[in-house]
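Working notes, structure below.
The values are calculated or read from the model by the stated rules, or taken from the named source; none is laboratory data. Because the structure is predicted, anything quoted here is derived from the model rather than measured. For neighbour counting, all protein chains shown are included, and Cβ atoms are generated from backbone atoms with ideal geometry for every residue, glycine included.
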């Protein structure tokens, strides 16, 4: 498998063969697919049915690492939500101007 030293992200395996066209295809596919596999969005934490209140809300994101970002994938009310504390390895602090039930993608 072609993998960079110290990398723990999935990569497309490249099998060694004497068939040059197959090796060229595998290398081309790996060069296209590996950047997508290395993206933080390829292994997100999906959090559903989170009740938030007006003010600060501390949410355990379950990533096990420092997040890069977050996306609201569902919300049941017209609220404004923003992050108001630095990212950390266990929680995401979001501020809301009202109560709602949301779903998040944390990556």
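Quick notes on this one:
- Residue within segment 70-83 that is surrounded by fewer than 14 Cβ atoms within 10 Å (Cβ to Cβ), within 14 Å of the chain's Cα centre (by Cα) and modelled with pLDDT under 95 present: no
- Condition met for residue 5 (in a loop (DSSP other than H, G, I, E, B) and either surrounded by 13 or more Cβ atoms within 10 Å (Cβ to Cβ) or at pLDDT below 90 (or both)): yes
- Reported count of residues in segment 39-68, each being over 10 Å from the mean Cα position of the chain (by Cα) and either in a loop (DSSP other than H, G, I, E, B) or closer than 30 Å to residue 14 by Cβ (or both), is 7.
- Here residue 87 clears all of (1) in contact with a strand residue (DSSP E or B) (Cβ under 6 Å, 6 or more places away or on another chain); (2) without any contact (Cβ under 8 Å) to a residue 24 or more places away in the chain; (3) surrounded by 12 or more Cβ atoms within 10 Å (Cβ to Cβ) except the condition numbered (1).
- The single condition among (1) in contact with a strand residue (DSSP E or B) (Cβ under 9 Å, 6 or more places away or on another chain); (2) buried (at least 16 other Cβ atoms within 10 Å of the Cβ); (3) part of a loop (DSSP other than H, G, I, E, B) that residue 12 does not satisfy is (1).
- Condition met for residue 34 (surrounded by 11 or more Cβ atoms within 10 Å (Cβ to Cβ) and either over 19 Å from residue 94 (Cβ atoms) or out of contact with any strand residue (DSSP E or B) (no Cβ under 8 Å at 6 or more places or on another chain) (or both)): yes
- When residues of segment 90-107 are limited to those that are under 13 Å from residue 49 (Cα atoms) and in contact with a strand residue (DSSP E or B) (Cβ under 6 Å, 6 or more places away or on another chain), the one surrounded by the fewest Cβ atoms within 10 Å (Cβ to Cβ): 101
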